[in-house]
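The values are calculated or read from the model by the stated rules, or taken from the named source; none is laboratory data. Everything quoted here is computed from the prediction, not taken from an experiment. Backbone-built Cβ (ideal geometry, glycine too); neighbour counts: all protein chains shown.
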Amino acid sequence: MIRTIIAVCYSAFCCWLALVILMISSKSANWILLTLAKRIWSKFMMKWIICADFEVTISPKAQELFDSDHGAVLMSNHVSYIDITAAFVATPTPIVFLAKASLRRVPFLGSANERVGTVFVKQGDIKSAKKAISTLVKTVESGRSVLVFPEGSRSNDGKLARFKKGGFHLATQSGAPVVPMYIDGVFEILPVGSWRLKWPKRPVTVKFGDPLYSKNVEELRQLTFDSITQLSR
């Protein structure tokens, strides 16, 4: 319980610090993503609070894409709140998220997310979708990656569930590459329904597969599902 309290307080402090810095300087986005979110928050959390060993495997083609300073749409399984921490630690590029448009209206938090390149979208709104595609293109071209959990919510049993189409519509219409991503070892640490950190039973591992390209939503969704399934083995 002590570790859980420390994790919550430390996360809240880092979030508050990010908001303050972004309100002062809109040009600090990359520092926030690469230094505060990745190193100061996520790496410290993973090593010293969660106390987990960490392993990353990146396919040669995905590494080539990341080295080109070009971002991607990261499609990952989702089993725990720790997924976000693991994603920040593992991903070579700065990462932002695909979020509901309602988040933009939250005082301070909405504007802070907008400044770092978060992609906002309102379901069923054509105008919102077009703006999201435009933002996604700019975000990816700037070298940042957009993290999407296509299952829509955390898995109750750790198994991969059917993917929703939203993120794939944005990826196909923007022409952004999709990089499949599999996170393992965090379900036991903080599963759905639990608010107490458990001790890791094995290393936390993150695997990146080859980039995927398709203009067909259904094809891209199936290719991504198959790739993440393969990474899980």
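Criterion first (out of contact with any helix residue (DSSP H, G or I) (no Cβ under 8 Å at 6 or more places or on another chain) and polar (S, T, N, Q)) does residue 142 satisfy it? Spelling it out, residue 142 is indeed out of contact with any helix residue (DSSP H, G or I) (no Cβ under 8 Å at 6 or more places or on another chain) and polar (S, T, N, Q).
Among residues of segment 216-233 that are at negative phi and of a type in the set (Phe, Trp, Tyr), those with a beta-carbon under 6 Å from a residue that is assigned to a loop (DSSP other than H, G, I, E, B) and at pLDDT below 95 at least six positions away or on a different chain give the pairs 225/163. From the list 50, 58, 5, 24, exactly one residue is modelled with pLDDT under 90 and either crowded, with 17+ Cβ neighbours inside 10 Å or more than 17 Å from the chain's Cα centre (by Cα) (or both). Which is it? The match here is 24. Within segment 130-159, the residues that satisfy the criterion of being within 22 Å of residue 76 (Cβ to Cβ), in a helix (DSSP H, G or I) and in contact with a strand residue (DSSP E or B) (Cβ under 8 Å, 6 or more places away or on another chain) are 132, 135, 136, 139, 140.
Of all residues in segment 99-112 being touching a helix residue (DSSP H, G or I) at 6+ places or on another chain (Cβ under 6 Å) and either of a type in the set (S, T, N, Q) or surrounded by 15 or more Cβ atoms within 10 Å (Cβ to Cβ) (or both), which is modelled with the lowest pLDDT? Selected residue: 104. The strands (runs of 3 or more DSSP E) found entirely in segment 1-113 that carry 2 or more residues being farther than 28 Å from residue 200 by Cα and of a type outside the set (Ser, Thr, Tyr) are 95-100. Being in a loop (DSSP other than H, G, I, E, B) and of a type in the set (D, E, K, R) is the filter; apply it to segment 183-213 and report the residue that is farthest from residue 48 (Cα to Cα). Applying the filter and picking the extreme gives 210.
Residues being among the hydroxyl-bearing types (Ser, Thr, Tyr) and within 14 Å of residue 167 (Cα to Cα) are entirely absent from segment 196-210.
May I ask you to list the residues in segment 161-204 that are among the polar types (S, T, N, Q) and either touching a helix residue (DSSP H, G or I) at 6+ places or on another chain (Cβ under 8 Å) or buried (at least 18 other Cβ atoms within 10 Å of the Cβ) (or both)? Scanning segment 161-204 gives 172, 173, 174. If you filter segment 61-76 down to residues that are of a type outside the set (Gly, Ala, Ser) and out of contact with any strand residue (DSSP E or B) (no Cβ under 6 Å at 6 or more places or on another chain), you find that the one that is surrounded by the most Cβ atoms within 10 Å (Cβ to Cβ) is 65. Would you confirm whether or not segment 113-126 contains a residue that is touching a residue at least 60 places away in the same chain (Cβ under 8 Å) and among the hydrophobic types (A, V, I, L, M, F, W, C)? Taking every residue of segment 113-126 in turn, at least one turns out to be touching a residue at least 60 places away in the same chain (Cβ under 8 Å) and among the hydrophobic types (A, V, I, L, M, F, W, C). Is it the case that some residue within segment 30-46 is within 26 Å of residue 184 (Cβ to Cβ), modelled with pLDDT of 90 or more, surrounded by 18 or more Cβ atoms within 10 Å (Cβ to Cβ) and of a type in the set (Val, Ile, Thr)? Checking segment 30-46: not a single residue is within 26 Å of residue 184 (Cβ to Cβ), modelled with pLDDT of 90 or more, surrounded by 18 or more Cβ atoms within 10 Å (Cβ to Cβ) and of a type in the set (Val, Ile, Thr).
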